[in-house]
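What follows is a single structure, written as structure tokens, with notes after it.
The values are calculated or read from the model by the stated rules, or taken from the named source; none is laboratory data. Values in this document were obtained by computation on a predicted structure and should not be read as measured data. Cβ placement follows ideal geometry from the backbone for every residue including glycine, while neighbour counts extend to all protein chains displayed. Accessible surface areas use protein heavy atoms only, side chains included; no ligands, DNA or RNA. Shrake-Rupley method; radii C 1.70, N 1.55, O 1.52, S 1.80 Å.
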Amino acid sequence: MAGLELLSDQGYRLDGRKPSELRKVQARMGVFAQADGSAYIEQGNTKALAVVYGPHEVRGSRSKTLHDRAVINCQYSMATFSTAERKRRPHGDRKSSEMSLHLKQTFEAAVLTQLYPRSQIDIYVKILQSDGGNYSACVNAATLAVIDAGIPMRDYVCACSAGFVEDTPLADLCHAEESGGGTSLALALLPRSGQIALLQMDARLHQDHLDPLIEAAMTACKGLSDVLDSVVRQHLQEVSVLTRD
Amino acid sequence: MRETPLSNCERQFLLKGIEEKKRLDGRQTYDYRNIKIAFGTDYGCCIVDLGKTRVLAQVSCELVAPKENRPTEGILFLSLELSPMASPSFEPGRQSELLVKLNRLLERCLRNSKCIDTESLCVVSGEKVWQVRVDVHVLNHDGNLMDAASIAAIAGLSHFRRPDVGIQGDQVTVYSPEERDPVPLSIYHMPICVSFSFYLQGTYLLVDPCEREERVMDGLLVIAMNKHREICSIQSSGGIMLLKEQVLRCSKIASVKVSEITDLISKALENDRRARKEGGRCGFAESMPVERITVLKSDGAQIEMSDAEVGSEAVTMATESQSAEPLSEVGRVPSPVVRAPGAVQVGECLQNAWGLGEEEDEDDEEEEERLEMQEDNQRPMKSKSEVVVISDSEEEEVVILHPKKTQVKDSKPETKPEAPSKKKKKKKQPLH
């Protein structure tokens, strides 16, 4: 694995975390005035910005309209300066369109789309700095933005990545751990019901190890949901203080 | 052209069937359709039939400069194309969501799981490496493209031989197949995708959904595994909510299916190798079943008798003895065969997809083979060996223990009555 020791003999990871420890999460809601909802999140060094417009009338081709629920339109992009090597195209390559697709699926599962027939909800996500766990940062940021926009959801959608090194599941992978070529699993969870909105895994993993890995990712997601919940509550408190007088 | 939407009636009918554990083509919940693998005359050319879904994979290679960050590694390039030939809803030259999804899944299934040794593809470090390119073309779309594509791609890669190269000083010589035998790629393992479709918020699950079933499904879970029970990739899609238990259960089912399919691929490869070695004829022309219009054939639709009274047995026997056809020879006594009214078709391969069991399929094939043998005996036996047919036999079914499953097929009364014993011809064991 590229000569990197991902887990030390003492049981610590490259950046000094324990296997099940998350990176520091900082988030803010309502960062833009123009959008209906917006949020910014930092998970360690991964930084993501999410903006939500809608629900509004379907733009573009009318044929996309669904008569019984809202259309969710997602666009994922990475800033050209987000990675160590400068990216040429911020969006539109295969990986980005796949990511957009996954975000769309995640939020179609979580947002109560049937409340807004014949309308559209736009979710734009941008990665400002990429240090592993892009998908999870995007989902978490978008969740906050959707909440900020006041669009009803079944539950928070929390996403987290997990890896598997030396028979130990690692939660919330950083870039070095992700690029080592080991197993990496991304999971989006609705924490209260324990339902998985999206599951994606790469690289080889023995079948017997799947259970502990999913379990670790789910625990991490639940941890994240507590953080997101406190962010939302704090934001509400701030806003209500501002509007009181 | 946008695909014609499914009518509400049809949708409800399909869902009702799934609720009652019945599928349109008479399969069980966890059954695959018949898989056929055929290789072309060229190395690395492979057609996979999964029921009526047909996919062609062609592997090719060329010498290119390696990527900057990986100077000693060859490149595996995968590309899947949905040609408008496969389905009227596929438009040429447009990156549809389905196309992006399939391409990425295939890439992750084969490249990210490192199924081939890319370092062995290096010729001169930092200057020349082999780029192996896998082009997968969908020829006919009848659902579950992903599984068919992954089988075709890995079978094509295993079948492929690249030209040998020699290096003298800084001179690189690529030898033609006449000068030196081409070398096979080194394959570490064979990842194969298994798709599960979910219905009614994940309450019901089907393996290998056909096109109709795909159109009413809520969501899809694709698990790629190899026969060592290693999961190479998992992807859920569609807005479904899964529970962890469901994922784990699916992974268990997948491991069983994957080992069956891997065996089938190795068997097909072995057959092809033997055919080539003996100098026999190989290629699609030999291995595709011939479709000739020689006979009148009417299809029998089978009636499920699992919940019928025993009293109806007399009637059953009457119908049985009436139709002394090879179809009833299989030995499935209590299910009468009803002729489709007025639908006598011309030709051998025109088959009604409704309710044709696997055993009958094989029987048909055997019959066809016999017919051929009669007609021209000088033809080598080899001609048939290219096509390997797998069918999920009931023994294999038993491996997956799930209480929810209803063994409809097995539910025939064990007390085989003194039926006009057509059992003398033993039930043909499926090849595996």
Single match in B:247, B:256 (criterion: over 26 Å from residue A:106 (Cβ atoms), of a type in the set (A, V, I, L, M, F, W, C) and assigned to a helix (DSSP H, G or I)): B:256
query: So residue B:86 fits all but one of (1) without any contact (Cβ under 8 Å) to a residue 40 or more places away in the chain; (2) more than 25 Å from residue A:178 (Cβ to Cβ); (3) hydrophobic (A, V, I, L, M, F, W, C); what number is the exception?
result: (1)
task: Among the residues of the stretch B:234-260, write down those that are more than 27 Å from residue B:111 (Cβ to Cβ) and more than 10 Å from chain A (Cβ to nearest Cβ).
output: B:249
Selection from the stretch A:93-122 of residues that are among the polar types (S, T, N, Q) and either within 8 Å of chain B (Cβ to nearest Cβ) or over 15 Å from the mean Cα position of the chain (by Cα) (or both): A:97, A:105, A:113, A:114, A:119, A:120
- prompt: Going through the stretch B:10-42 one residue at a time, which ones are over 20 Å from the mean Cα position of the chain (by Cα) and open to solvent by 30 Å² or more (accessible area, probe 1.4 Å)?
  reply: B:10, B:11, B:12, B:13, B:15, B:16, B:19, B:20, B:21, B:22, B:41, B:42
- prompt: Quick check: is even one residue across the stretch A:128-136 under 17 Å from residue B:237 (Cα atoms) and either open to solvent by less than 40 Å² (accessible area, probe 1.4 Å) or touching a Phe, Trp or Tyr at 6+ places or on another chain (Cβ under 9 Å) (or both)?
  reply: yes
- request: Taking only the stretch B:199-234 into account, find how many residues are under 20 Å from the mean Cα position of the chain (by Cα) and either without any contact (Cβ under 8 Å) to a residue 12 or more places away in the chain or in a strand (DSSP E or B) (or both).
  value: 13
message: Looking at the stretch A:177-196, can you tell me whether even one residue there is out of contact with any Cys (no Cβ under 9 Å at 6 or more places or on another chain), on the phi > 0 side of the Ramachandran plot and not small (Gly, Ala, Ser)?
response: no
field: Verdict on residue B:173 being of a type outside the set (Gly, Ala, Ser), without any contact (Cβ under 8 Å) to a residue 24 or more places away in the chain and either within 30 Å of residue B:73 (Cα to Cα) or surrounded by 14 or more Cβ atoms within 10 Å (Cβ to Cβ) (or both)
entry: yes
query: How many residues, within the stretch A:96-128, are farther than 21 Å from residue A:29 by Cα and part of a strand (DSSP E or B)?
result: 2
query: Just checking, how many residues over the stretch A:177-216 are in contact with a strand residue (DSSP E or B) (Cβ under 9 Å, 6 or more places away or on another chain), assigned to a helix (DSSP H, G or I) and more than 7 Å from every other protein chain (Cβ to nearest Cβ)?
result: 7
field: Residues satisfying the stated conditions in the stretch B:69-89, i.e. open to solvent by 60 Å² or more (accessible area, probe 1.4 Å) and assigned to a strand (DSSP E or B)
entry: B:70, B:77, B:81
